[in-house]
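Asks: My questions will all concern the structure given below.
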Amino acid sequence: MRNFDETTITDAVLERVRNAPDLRQRFVSEAIVRHLHDFVREVEPSQKEWAEAIAFLTRVGQKCTDTRQEFILLSDTLGVSMLVDAINHRFPGNATQTTVLGPFHVVDAPEFALGDDISGGMAGAPLLVEGSVSSIDRQPIAGAVVEFWHADAEGFYDVQSEAGLTNLAGRGVVRTGAKGEFWFQTVIPAAYPIPDDGPVGDMLKAQGRHPYRPAHVHFMMSAPNCETLVTHLFLADSEYLDSDVVFGVKDALICELETQPAGPTARGNWISKDMAALRYDFVLADADR
Ligand code: BEZ
Ligand code: FE
């Protein structure tokens, strides 16, 4: 077959991928060809615009390093990460809502004991985080692995500093106690712009958008027979709750900070100074839902 034109090229490419041995591969290949060709038909890019699009994607790839994932930023800012998240988490009503992972999660972050200060010397007002983990039938989960990470009071993650992965702070892992409880001490994170000194930042500017996320703490939780939960808690008094650049905010994840004087805490722990307190009871969906 030859002499393809704009009315015949799409079917020709679809025909070419029809023999993919793997059915899922075939389905995905056909869909991407159809949608990409439809996009080009709708936009009718000039040759110059198409070359610019390819140069943009090339810059996105070139910007990626061990601690900078520009493709995740692109997916996040186009709302694709939250769409994939929504499709994959059609959870039962009482399971905790999910949101984006983001590019600042670090595998093998340090383990802490319950109650430790995990701020690693980050500057900021003291914050107590007290929570629990249970299953959807309200059984507390002991020994659940709770990972957390957050920005500092200036809005920067540890991995964004010169020291990168060698000076981790404001992140860690704890395991829940016998009643599914966990707690740690840290500092209040600020709202921040996602890294916008690369091609994704250029795209946001061209689209007339700001690069900010509201203040939040990230969590990732896992336990046997449960779906791993990736979520954040957003601070209720933060700016940008209604215009998060990555579309990640859900009402059920917005928390008012409480005031916790030094001494015994509302959840039976003990702290040596006055702190703001962030409290939340997380519910993990069953793995076999
Ligand atoms: C974050 O919350 O860490 C994040 C999420 C998406 C893009 C950039 C940062
Ligand atoms: Fe974040």
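Asks: With an 8 Å cut-off on Cα pairs and a minimum separation of 6 or more residues, tell me the relative contact order of segment 1-115 in percent.
Replies: Relative contact order here is 15 percent.
Asks: May I ask you to derive the relative contact order of the chain, considering only C-alpha pairs under 8 Å and at least 6 residues apart, and to give it as an integer percent?
Replies: It comes to 20 percent, rounded to a whole number.
Asks: If you don't mind, there's one more thing I want to ask. Using 0.36 nm times the number of residues separating Glu49 and Arg34, minus their current alpha carbon distance, what extension gain do you get?
Replies: Gain on extension, Glu49 to Arg34, equals 3.4 nm.
Asks: Can you give the charge dipole size of the chain about its Cα centre, rounded to the nearest 20 debye, using +1 on the beta carbon of Lys and Arg and -1 on the beta carbon of Asp and Glu?
Replies: Here the chain has a charge dipole of around 540 debye.
Asks: Once label points are set 7 Å from the Cα along Cα→Cβ at both Arg90 and His210, what is their separation, rounded to one decimal in nm?
Replies: Using points 7 Å along Cα→Cβ, the separation is 3.6 nm.
Asks: Here is a follow-up. Could you give the distance between the Cα centres of segment 99-152 and segment 1-34, to the whole Å?
Replies: After rounding, the separation between the Cα centres reads 46 Å.
Asks: Sticking with this structure for a sec: If you line up the long axis of helix 47-63 against the longest principal axis of the chain, both from Cα atoms, how many degrees apart are they, to the nearest 10?
Replies: Relative to the chain, helix 47-63 is tipped by roughly 30 degrees.
Asks: Of the DSSP beta bridges with both residues in the chain, give the percent that are antiparallel, rounding to the nearest 5.
Replies: Within the chain, antiparallel bridges account for around 70 percent of the total.
Asks: Could you work out the relative contact order of segment 57-215? I mean the mean sequence separation of Cα pairs under 8 Å and 6+ apart, divided by the number of residues, in percent.
Replies: 26
Asks: Moving on. Once you have the Cα-Cα distance between Ser243 and Val17, take 0.36 nm times their residue separation minus that, and quote the gain in nm to one decimal.
Replies: Between Ser243 and Val17, full extension yields 77.3 nm more.
Bear in mind that the values in this text are calculations on the coordinates, not laboratory data. It should be emphasised that the depicted structure is a prediction, and the values quoted were computed from it without experimental measurement. Virtual Cβ from ideal backbone geometry, glycine too; neighbours counted across all protein chains shown.
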